[in-house]
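Single-structure report; data block below.
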Amino acid sequence: LQYNPAGIGLYMDELAVWFKSFNRYNKGAEQEQMLSLWSLSPLVVNRKSGEPVNVHRPFVPVGGTIQPAVIEGIGKEGRSENGFTDRLLFAWPEDQEKPLRTNAEMPESLAQQYAEGITALLNIGFEDPQAHTPHLVRFATEAGERFLRYSNETIKDSCDNTKDSRLKSLY
């Protein structure tokens with residue numbers, strides 16, 4: 001982070017492993033440090049050996065996969081009480097039947113649109129790399145409408161109808 005003003009990303013194929021690894025080797029405050037990173041709070045690490053680390057606006061997006069049945073367990077160990085789980089965004093498709101295999105390939109135009117979107121995100125850049133000013137990336141109109149519909153229908157219903165505070169936090 002100290003040498004990359006654009007930030008670093010963390011991707012875990014199994015996010016449950018990430019949750020279970022907090023404070024694994026010591027009684028540190030890794031979970032709390034991730035809370036601070038979420039809000040872009042300055043990161044200062046003073047070590048006995050070597051130079052101190054000082055990152056003005058650390059950026060660490062975390063992504064990965066987790067099975068819906070495992071999600072309940074991540075609210076444990078204080079994560080639902082300290083706001084950690086409130087900072088997570090979960091997304092998964094509605095129940096679907098497995099489609100039959102075909103020899104059909106992705107349309108070239110769709111692959112090109114995807115590549116252009118990723119390239120546009122990667123090329124945003126920084127006006128001043130040392131300031132690492134964030135850029136706002138907005139939903140397309142249809143995506144924003146779908147997100148609002150999902151939030152107001154599905155998530156609100158789940159929140160309103162559970163008594164379990166850990167699940168409410170996740171919802």
- Restricted to the range 17-46 and to residues being in a helix (DSSP H, G or I) and aromatic (Phe, Trp, Tyr), the residue least open to solvent (accessible area, probe 1.4 Å) is 19
- Applying the selection to the range 52-79, what residues are without any contact (Cβ under 8 Å) to a residue 60 or more places away in the chain, within 25 Å of residue 158 (Cα to Cα) and open to solvent by less than 90 Å² (accessible area, probe 1.4 Å)? 62, 63, 64, 65, 66, 67, 68, 70, 73, 78
- Message: Where the second residue is exposed (fewer than 12 other Cβ atoms within 10 Å of the Cβ) and assigned to a helix (DSSP H, G or I) and the first is without any contact (Cβ under 8 Å) to a residue 24 or more places away in the chain and lies in the range 139-157, which pairs have Cβ atoms under 9 Å and are six or more apart or on separate chains?
- Response: 139/145
- Task: For the range 86-105, name all the residues that are surrounded by fewer than 10 Cβ atoms within 10 Å (Cβ to Cβ) and not polar (S, T, N, Q).
- Result: 89, 91, 93, 94, 95, 97, 98, 99, 100, 101, 104, 105
- How many residues of the range 125-155 are open to solvent by less than 90 Å² (accessible area, probe 1.4 Å), at pLDDT below 75, over 18 Å from the mean Cα position of the chain (by Cα) and not polar (S, T, N, Q)? The answer is 6
- Consider residue 49 carefully, then state whether it is open to solvent by 30 Å² or more (accessible area, probe 1.4 Å), modelled with pLDDT of 85 or more and outside any strand (DSSP E or B). no
- Message: Would you confirm whether or not the range 80-87 contains a residue that is touching a Lys or Arg at 6+ places or on another chain (Cβ under 7 Å) and in contact (Cβ under 8 Å) with a residue 40 or more places away in the chain?
- Response: yes
- Query: Among the residues of the range 86-127, which ones are in a loop (DSSP other than H, G, I, E, B) and polar (S, T, N, Q)?
  - Reply: 96, 102, 103, 123
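The values are calculated or read from the model by the stated rules, or taken from the named source; none is laboratory data. Everything quoted here is computed from the prediction, not taken from an experiment. Ideal geometry is used to build each Cβ from the backbone, glycine not excepted, and the neighbour counts take in all protein chains shown. Protein only, heavy atoms only, side chains kept; ligands, DNA and RNA dropped before computing areas. Shrake-Rupley method; radii C 1.70, N 1.55, O 1.52, S 1.80 Å.
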